[in-house]
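Notes for the one structure printed next.
The values are calculated or read from the model by the stated rules, or taken from the named source; none is laboratory data. Small disclaimer: the values here were computed from a predicted structure and weren't measured. Note that we place each Cβ from the backbone using ideal geometry, even for glycine, and neighbour counts take in every protein chain shown. These accessible areas exclude ligands, DNA and RNA; they are computed on the full protein's heavy atoms, side chains included. Shrake-Rupley method; radii C 1.70, N 1.55, O 1.52, S 1.80 Å.
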Amino acid sequence: MTGRLGPQQESSPPEGEVVRLPQPADMLDLVLEDLELVYAYIFARVGNRADAEDLTQQVAIRAIPRLRAGAGPNAIRAYLFATARSVLATFWSARFGLPEEELREDLWVESREPDTTTEPVEQVERILSRLPANYRKLLELRFLRGYSLKEVAQELGTTLGGVKVMQLRALRAAARVASDGDA
């Protein structure tokens, strides 16, 4: 018998009938099916496919080695979801910069109305105007036009590694200009 145990097998068996616990192959099928549910659970909370896939993988890496042989389907699912909650707490803790103990279920990041003032735009223009031309061009391509690192490298005629280094230096220079107070 392979696949998921139905409700009739999960309830108490009739007298004299032997209950068969999931075998390792059956258990793997259960885990893989439940990981699809875990992915949906995580995706609903992070709203980002790439993060949801990474977090689901972390759940699998943490939970699968610790599953008990012969554990029932409900125990497997409960353990996977408990691990998913722990992985999500670590993720949101890092994202918000809060200790995990301070995270709450009802914590929402309020999306603000777009700022209609031009002050931030003017500040960015002032900072960029004080940077060397190559740094200004790189930051404009990366952050104002949304180019990938690879696209910036092609546009500037340099290597991907060169763009990464230049971006780091440009961001540091922009931070120095902004912290000078006249930006």
* Asked: If you check Thr56, Thr90, which single one turns out to be more than 15 Å from Leu30 (Cβ to Cβ), modelled with pLDDT of 90 or more and not acidic (Asp, Glu)?
  -> Thr56
* To do: Identify, from the list Arg85, Arg130, Arg95, the residue that is at pLDDT 90 or above, open to solvent by 80 Å² or more (accessible area, probe 1.4 Å) and either acidic (Asp, Glu) or within 30 Å of Asp54 (Cα to Cα) (or both).
  => Arg85
* All positions within the stretch 23-82 that are open to solvent by 60 Å² or more (accessible area, probe 1.4 Å), over 18 Å from Arg95 (Cα atoms) and among the acidic types (Asp, Glu) -> Asp29, Glu33, Glu36
* To do: Inspect the stretch 15-33 for any residue being small (Gly, Ala, Ser) and modelled with pLDDT of 75 or more and give the result as yes or no.
  => no
* To do: Could you tell me whether any residue of the stretch 141-156 is over 21 Å from Asp180 (Cβ atoms) and among the β-branched types (Val, Ile, Thr)?
  => yes
* Structure fact -> Checked the stretch 142-183 for anything of a type in the set (A, V, I, L, M, F, W, C) and over 21 Å from Glu119 (Cα atoms); matches are Leu149, Val152, Ala153, Leu156, Leu160, Val163, Val165, Met166, Leu168, Ala170
* To do: Taking the options Tyr147, Tyr135, name whichever one is at pLDDT 70 or above, aromatic (Phe, Trp, Tyr) and in a loop (DSSP other than H, G, I, E, B).
  => Tyr147
* Structure fact -> If we ask which residues in the stretch 124-139 are without any contact (Cβ under 8 Å) to a residue 40 or more places away in the chain and among the hydrophobic types (A, V, I, L, M, F, W, C), their number turns out to be 4
* Asked: So is Ala153 aliphatic (A, V, I, L, M), open to solvent by less than 60 Å² (accessible area, probe 1.4 Å), within 14 Å of Pro132 (Cα to Cα) and without any contact (Cβ under 8 Å) to a residue 40 or more places away in the chain or not?
  -> no
* In the stretch 156-181, what residues are farther than 15 Å from Arg136 by Cα and among the aliphatic types (A, V, I, L, M)? -> Leu160
